[in-house]
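Data block below; observations after.
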Amino acid sequence: MSTNLSFKQIEKFKADLDRCTKCGFCMSACPVYREERVESSVARGKIMLIRALLDSGLGLTDELAEQLNRCTLCRTCAENCPAGTDVPSVIAAARADKVAEKGVPFPYNLVFRWLLPRRRLFGRVLRFASWFQGIFLPKTEGTIRHLSFFLSALGKGRHIPQIAPKFLRESVPEINRPPAGVEVKYTVGYFTGCMTDFVFPELGKKIIDFLTRNGVEVRVPKAQGCCGAPVFLGAGDFTTGRRFADANVKAFKDVEYIITDCATCASAMKDYAKFLADNEARRKDYKEFGDKIKDITEFLVDVLKLPPSAYRTAAEFRGKTVTWHEPCHLGRYLGIKEQPRKILDSLKDIKYVEMRDADRCCGMAGTFSIYFYELSKKIAARKVADIAATKADVVVTDCPGCQIQIIDSLIQHGKPVQVRHIMELLE
Amino acid sequence: MLDPGIIEKLRRIAGKENVLTSKEEMVAYSYDATNTWSHLPDAVVLPSDAAQVSEILKLASEKGVPVTPRGSGTNVSGGSVAIRGGIVLCTTRMDRIIEVSRTNLNATVEPGVILLDFQEALAKEGLFFPPDPQSFAGCTMGGVVAENSGGPSCLKYGVTKQYVLGLEVVLADGRIIKLGGVTPKNRTGYELMMLFTGSEGTLGVITKITLRVLPAPKAEQTIVAVFNDVAVAGETVTEIIAGSVLPSKVEFVDNWTFAKFRGLLPDDVLDRSQVILLIQVDGLPETVAAETEQVLRICQARANGVRVAEDKVEAERYWQARQSHFSDISSRAHTIVNEDVSVPRDKIADFIRLSQASARRHDVPISFAGHVGDGNFHPVVLTDNRDKEHYARALKCVDEIIEAALSLGGVLSGEHGIGLEKQRFLKKAMDPQAIEIMKQIKGVLDPRHILNPGKIWEE
């Protein structure tokens, strides 16, 4: 069968596509394969499907699209691959070629192409939605509520934190200087990401406060937008992805470092150059932009080089047992494994217990958890069991996406464990 | 194409979600880990228990539909490829570890359990199951038994067949039979269970497995030695074993894979060497210390460099480098032909020399790795099956390699099995009367030849 389809993005990763020897090392590690135990779930199967798409005219069917989407891009396969096959990139590229050919389905097209890029409007829609959260749906626990009317189109009854009454961008100035008498060591831009901006603004304030007290001038450019991960990595919409990338690059032109509190945002933005650069100028801009990005724990430990004594436990967590969930994007994508653990080790007033397989995917993976909610919850159930086994009072992580997934899953399993960002532990 | 009525019946037996028929799913079940064999099945069924397997096989027998049993499909023989189409019966959803007994030193599992998961479950109890094929992170226990898997640890501990105590098997006509038991000794009638161990899915579908397991060794040590040439390495192994040390593993890689050892071993030593031996001794800490000392002394007399791993992390790096041989070689050629012969230990050097001479004659690249301790080798010929002339030369070289192994008293396959990949050599490698008896046994157990047809012998 001949085909007229174009596979521009996949072709970029042709070497990876060819590298797979079908040995099956990816099998025991893949969180999706672990639940489904069918070949189309696992990296090897997806590679073979993409090869069939290119070589034998398999066709960009809805089923193939579903198989491409049925992956958390957790990167465990790549980490375990003796041939070094970058499977997640091949899959992301295949998603992009699919979108270039077939477009993004409703309602995602509306959200990705129209709503997400309009930052203020997006905020207003969320605010509007948050009123309905309170009116129509019962409170589940503290500030955690059922997903509201608008987002329930995407979210299938998930317990998510309430949309904040006041967004971070409305609460802090664009320039935040260290207090009088503290020398300015660095000037950084703070990429807040959608979740910290709209849902966890207190986390953002805490980070700004901690950094400024430690001699860092923090800029929060109003022109920044979404990192684009759900759009270009999740949905394969590279055209819209480029709009986000360009806006963010422009917003952070004048800083030494760009700090993030979300491993997914950091990793996605570092990947602009890999996926979205379609000309030399963009390649250069994206590369320079990417090189400036530091995850908050990486910045504190490797750049600021704070001594252990600089980390003190906030009053509400003193005496608690704490465990750490390592986001896929932090450990496997950015290679940041030691830094958050160093911070946890420095905190004298907590008992830090490492959970089993702390680096195993929680199953969130953005749009994956919307497309495949049940599957996402099965993957999360293993995480819940590992958290519960540590008997921790608090599980901390470094990705608000993981936080939402773990909050939802712990509630569903009736486990009263708090879920926080690692920076929230600090005084 | 399968009759829609048959698909409907399969759905009724196994549940709708456990019967796959789409083109995409068929593509995903059309291959194994070889790069030469593939064929689309017509349907894939993922049963949940022996009763369902039985119903599926009854149906297939009645309709004469080929059934290819399959686990993870990590085999390297073409054995799990549905070469005649029909049904792929995939056992990956039968994945319970039923029992692990420290007292009885045995464990009972369903066929879909991944070997690595089994090993982890045993490790929690201080136990271990020695066979460690390279596919351990994906392969299933059903496949381990049906292929009679080996691996590096088999030097000291033997292959899968030494550990099978009991099996539950579903025959082609749907009868569920229990063979063997749970005790290490069992002299009741013929060893029928052994027929299914290594049967490559041609005689029945294994639905439950009881295995003998061992207490995990208390300590282990890895020694790495780098040699000028393979003959010296081979003599070293012979001397180690002659000195009454039986290492748990003795592995060998040639300089094609040296890049993976750069940074781990000194460059100047690697630059003037051809072969690396990886040796592991295990047992009680005092035994390990004494045996390490002895191995070290023997290696030092002949090797260009010897290194005893300082800790587990360092040892793990060497073993990972060894494991990467296959993928490393695969990445350097479009097509690789990976052989699996086994020769007597004292013929290792002869075998390698003959194989290298053949590769030179046919002007094809060849690389060697393998379980040198037990004489089981993986000579890999690098070629490109799109280049007909090169591929033909490569296959001639492979023929000669196999001839060489057989002429030295070796066997065609040490651990991969015959499947499709080695069929054309079977007549040379096995007594023709024995092949005839195999066919008769097949006729008794699977008279309609529905189970994995087209495998092992040429038809």
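The values are calculated or read from the model by the stated rules, or taken from the named source; none is laboratory data. Note that the coordinates shown come from a computational prediction; the quantities given were computed from them, not determined experimentally. No Cβ is skipped: glycine too gets one built from the backbone with ideal geometry, and neighbour counts run over all protein chains shown.
Data overview
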item	result
Some residue of the stretch A:326-345 being crowded, with 18+ Cβ neighbours inside 10 Å, touching a Pro at 6+ places or on another chain (Cβ under 6 Å) and in the same structural domain as A:HIS421 (by TED's automatic domain parsing)	no
Residue match in the stretch B:224-241 (condition: in a strand (DSSP E or B) and out of contact with any strand residue (DSSP E or B) (no Cβ under 9 Å at 6 or more places or on another chain))	no
Single condition B:GLU24 does not satisfy, out of (1) away from chain A (no Cβ under 11 Å); (2) in a helix (DSSP H, G or I); (3) closer than 30 Å to A:ASP18 by Cα	(1)
Residues of the stretch A:231-252 classified as more than 15 Å from the chain's Cα centre (by Cα), of a type in the set (Phe, Trp, Tyr) and in a helix (DSSP H, G or I), total	2
Residues satisfying the stated conditions in the stretch A:339-386, i.e. among the small types (Gly, Ala, Ser) and not in a helix (DSSP H, G or I)	A:ALA358, A:GLY363, A:ALA365, A:GLY366
Scope the stretch B:64-84; condition in a loop (DSSP other than H, G, I, E, B) and among the basic types (Lys, Arg); matching residues	B:ARG84
Residues being surrounded by 15 or more Cβ atoms within 10 Å (Cβ to Cβ) and within 14 Å of chain A (Cβ to nearest Cβ) - total across the stretch B:278-317	1
Given (1) at pLDDT below 90; (2) surrounded by 14 or more Cβ atoms within 10 Å (Cβ to Cβ), number of the condition B:ALA219 does not satisfy	(1)
Hits in the stretch A:54-72 (condition: more than 9 Å from chain B (Cβ to nearest Cβ) and closer than 15 Å to B:SER30 by Cα)	A:ASP55
Members of the stretch A:39-51 that are facing chain B (nearest Cβ under 7 Å) and over 18 Å from B:ILE336 (Cβ atoms)	A:GLU39, A:SER40, A:GLY45, A:LEU49
The stretch B:199-216: number of residues that are surrounded by fewer than 19 Cβ atoms within 10 Å (Cβ to Cβ) and not in a strand (DSSP E or B)	1
Tally, over the stretch A:1-37, of residues that are more than 26 Å from the chain's Cα centre (by Cα), crowded, with 18+ Cβ neighbours inside 10 Å and either within 21 Å of B:THR92 (Cα to Cα) or within 12 Å of chain B (Cβ to nearest Cβ) (or both)	6
Any chance B:ARG272 is within 14 Å of another protein chain (Cβ to nearest Cβ) and of a type outside the set (Gly, Ala, Ser)	no
Any hit, the stretch B:209-223, residues being more than 30 Å from B:GLY142 (Cβ to Cβ), aliphatic (A, V, I, L, M) and touching a strand residue (DSSP E or B) at 6+ places or on another chain (Cβ under 6 Å)	yes
B:GLN323 vs. criteria within 30 Å of B:ASP384 (Cα to Cα) and within 14 Å of another protein chain (Cβ to nearest Cβ)	yes
Qualifying residue in the stretch A:205-213 (condition: over 23 Å from A:TYR286 (Cβ atoms) and either assigned to a strand (DSSP E or B) or not assigned by TED's automatic domain parsing to the domain that holds A:ILE258 (or both))	no
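Yes or no, residue by residue, for (1) under 30 Å from B:SER324 (Cβ atoms); (2) at pLDDT 70 or above; (3) assigned by TED's automatic domain parsing to the domain that holds A:LYS46:
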position: A:ASN69; (1), (2), (3): no, yes, yes
position: A:GLY84; (1), (2), (3): yes, yes, yes
position: A:ARG95; (1), (2), (3): yes, yes, yes
position: A:LYS98; (1), (2), (3): no, yes, yes
position: A:TRP114; (1), (2), (3): no, no, no
position: A:VAL125; (1), (2), (3): no, no, no
position: A:GLN133; (1), (2), (3): no, no, no
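This table checks each residue for (1) within 14 Å of chain A (Cβ to nearest Cβ); (2) closer than 26 Å to A:GLU35 by Cα.
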residue	(1), (2)
B:THR103	no, no
B:ALA107	no, yes
B:GLY112	yes, yes
B:ALA121	yes, yes
B:THR140	yes, yes
B:VAL169	no, yes
B:LEU179	no, no
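Every residue, every condition in (1) crowded, with 24+ Cβ neighbours inside 10 Å; (2) touching a residue at least 24 places away in the same chain (Cβ under 8 Å); (3) of a type in the set (S, T, N, Q); (4) under 18 Å from B:ASN106 (Cα atoms), yes or no:
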position: B:TYR163; (1), (2), (3), (4): no, yes, no, yes
position: B:GLY166; (1), (2), (3), (4): no, yes, no, yes
position: B:VAL170; (1), (2), (3), (4): yes, yes, no, no
position: B:GLY181; (1), (2), (3), (4): no, yes, no, yes
position: B:TYR190; (1), (2), (3), (4): no, no, no, no
position: B:MET194; (1), (2), (3), (4): no, yes, no, yes
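Let's see how each residue does on (1) of a type in the set (Ser, Thr, Tyr); (2) within 25 Å of B:ASP271 (Cβ to Cβ):
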{"position": "B:PHE196", "(1), (2)": "no, no"}
{"position": "B:THR202", "(1), (2)": "yes, no"}
{"position": "B:LYS208", "(1), (2)": "no, no"}
{"position": "B:LEU211", "(1), (2)": "no, no"}
{"position": "B:ALA216", "(1), (2)": "no, no"}
{"position": "B:GLN221", "(1), (2)": "no, no"}
{"position": "B:ASP229", "(1), (2)": "no, yes"}
{"position": "B:ALA233", "(1), (2)": "no, yes"}
{"position": "B:SER244", "(1), (2)": "yes, no"}
